[in-house]
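Before any comments, here is the structure.
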Amino acid sequence: MGNDLDRRDFLAGLGATLGGAALGELAVVGDAAAQDTPKGRIPETPVKFGHITIQSGPGAILGLPSLKGHTLAAEEINAAGGLLGRRKIETITADEAAGPEATVKEVKRMKLSEKIDYFSGVIAAHNQLAVGPVVEELKLLTIMTEGCIDKLFEVEVPNPHYLFGMTNILSADGVTTALAIAKAWPDVRRIAVINPDYAFGRWFQIHFDAAREKLLPASEIVSEVWAPLGTTDFNSHITKTLAAKPDIIVTSMWGGMYVAFYKQALRHGMFGKARLAGNINFGVVPQAIGKDHPEGALAGVHSNYHFTYAPAGASAANKRFVDAYQKRWNEYPSYAAEAAYTGLYLFKNAVEKANKLAGGGWPEDDAVIRQLEGLSIEAPAGVVTIRREDHRAFKDVKVGFSKNLPDYPFPVWDPERIMTIPVGQMTAPPNWPKPGKGHNDPSATVNWIKTWKKAGA
């Protein structure tokens, strides 16, 4: 696909499947025992992982599944003998709810006092931005559950060595939301936005707006509300939004904030007057969303993973993961659980490849890093590939629409209305100039979007 893209090009891409290696050529996530006999002498001392995620407050219903996904993968790997059949995984945890400064201190404490070998986790965008440069300074190989915000890999750590991110880039999330709205509701004209007032919400809005102006040029933002992170009372925000008479409300709120918002909005009759589109509203623990959630809403999962996709039988990796997760935790997994789970299996696979290539022994960090770069694996979310250029793990972009089905006590995706899009259509190519390299746009993707044709042009 060339640089001159119009709305028809994008809409034609909906429903496409990401290309990649054939399934038979890939390691499959969850198959903990699938490895060649390790070579050389492998120490039996545990491998120490630090894992920090949101474990308290309204963000826990989005962040805590990260620890659960990591723990499930570690337990499966340990039950099969451990990494390279000898080294069990030991995990040290902490809460990131206190913010960037406290999270950075905890990472340093884990490395210097607890002597962790590797690090994983971190959910909130402002914590990602703070932790990324620190793990590089500490030379701490990191499998970050998120690592989504463009600024992390384009500005803060533009040449990562030790840092890897496990979820789709945030710019893809904003572009996907605009594209899904253009596909589902091309008549939209008046758009109201309600976002959390910190890096994640701001970054989402930048990319949503850039894509919206190209895909829905007749639309306008009629109301813009920014809610402080952790807000639970949205009555004034809802009143202001309704006064603008929007066709649709777009939000990047997540966790307990989103649940509080939609329940209060129901009392105001908001969804009888306007449609609803969220980029990460279904990213929480699935059972946190009630049956009262409006049906037909755009229900985003940060463009990453919903446990009902692919349907049972269509993906052995997903069925295995969902069954194991439900058995272990008595709940269904979220995208954060899948990202952490897949991240640990990517690490396991890279360690095995590095051991084999070196002819034996426990591999040095640089050897593992070389195997992580370009690595593809068949995961519950589909084929996941770590880009060599920037250490980001990419997968098909996915989004769905909420529906109450009899099989679940909470709304899930309408199986007839799931969109899958190759991530390369949603974000700048890896070699696109970064901010400060020939342009001063906030991200490479914003600059790339400028090359699109407007719909109807």
Descending accessible area (1.4 Å probe), largest on the left, turns Glu352, Glu156 into Glu156, Glu352
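Do the alpha carbons of any pairs in Lys111/Lys319; Lys48/Lys319; Lys183/Lys327; Lys39/Lys105; Lys348/Lys398; Lys214/Lys353 sit beyond 32 Å of each other, and which pairs? Kindly include the intermediate steps, with their values, before the conclusion.
Numbers: Lys111/Lys319 36 Å; Lys48/Lys319 29 Å; Lys183/Lys327 37 Å; Lys39/Lys105 38 Å; Lys348/Lys398 26 Å; Lys214/Lys353 44 Å.
Table pairs above 32 Å Cα-Cα are Lys111/Lys319; Lys183/Lys327; Lys39/Lys105; Lys214/Lys353.
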Value at 222 nm in deg cm²/dmol, rounded to 500, when DSSP H runs of n ≥ 4 in the chain each add -39,500 (n - 2.57): -11000 deg cm²/dmol
Among the aspartates and glutamates, which have Cα under 15 Å from the Cα of Lys356 when same-chain residues fewer than 8 positions away are ignored? Asp36, Glu364, Asp365, Asp366
For Arg202, Arg267, Arg370, give me the order by solvent-accessible area with a 1.4 Å probe, most accessible first, ignoring ligands, DNA and RNA. Arg267, Arg370, Arg202
Projected onto the charge dipole of the chain (unit charges on the beta-carbon of Lys, Arg, Asp and Glu, signs +1, +1, -1, -1), the Cα from Ala317, Ile54, Gln128 with the largest positive-side position is that of Ala317
Counting only protein heavy atoms with a 1.4 Å probe and every protein chain in place, the carbon and sulfur fraction of the accessible surface of the chain in whole percent equals 49 percent
Sort out for me the Cα centre separation of segment 41-65 from segment 419-457, rounded to whole Å. 33 Å
The rounded separation in angstrom of the Cα centers of segment 290-338 and segment 140-160 is 26 Å
I'd like the distance separating the alpha-carbon centroids of segment 72-86 and segment 195-274, in whole Å. 43 Å
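Determine the sum of side-chain charges near Met270: Lys and Arg each +1, Asp and Glu each -1, restricted to other residues whose C-beta is under 13 angstrom from that of Met270. Can you show the working numbers first?
Values: positive: Lys240, Lys245, Lys263, Arg267, Lys273, Arg275; negative: Asp247, Asp292.
That sum, taken over residues with Cβ under 13 Å, equals +4.
So, for the chain, what is the accessible surface per residue at a probe of 1.4 Å, expressed in square angstrom?
On the way: 16810 Å² over 457 residues.
Value returned for the chain: 37 Å² of accessible area per residue.
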Measure of exposure for Lys139: accessible area at 1.4 Å probe, Å² rounded to 10, is 130 Å²
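Quote the charge dipole size of the chain about the Cα centre in Debye, to the nearest 20; the model charges only the Cβ of Lys and Arg (+1) and of Asp and Glu (-1). Please report the intermediate quantities before stating the final value.
Working: 49 positive and 49 negative charges, 73 e Å.
It comes to approximately 340 debye.
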On a 1.4 Å probe surface of the protein chains, which of Thr71, Thr420, Thr45 comes out largest in accessible area, and what is the full order? Thr45, Thr71, Thr420
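Please compute, over every Cα-Cα pair in the chain, the percentage with a separation greater than 41 angstrom. Each step should come with its number before you reach the end.
On the way: 13488 of 104196 pairs.
In whole percent, the share of Cα-Cα pairs in the chain beyond 41 Å is 13.
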Residue-level accessible surface for Glu389, protein heavy atoms, 1.4 Å, Å²: 110 Å²
Could you tell me the accessible area of His268 in Å² (1.4 Å probe, neighbours in place), rounded to the nearest ten? 60 Å²
Residue by residue through segment 203-219, which ³J(HN,Hα) values in whole Hz follow from phi under the Karplus form 6.51 cos²θ - 1.76 cosθ + 1.60 (θ = phi - 60°), with glycine and proline marked x? 5, 4, 5, 4, 7, 4, 5, 4, 6, 4, 5, 8, 8, 10, x, 7, 8
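The values are calculated or read from the model by the stated rules, or taken from the named source; none is laboratory data. Here the structure is a predicted model, which is why all the values come from computation and not from measurement. Here the Cβ is made from the backbone with ideal geometry for all residues, glycine too, and neighbour counts use every protein chain on show. The area values use the complete protein model at the heavy-atom level, side chains included, leaving out ligands, DNA and RNA. Shrake-Rupley method; radii C 1.70, N 1.55, O 1.52, S 1.80 Å.
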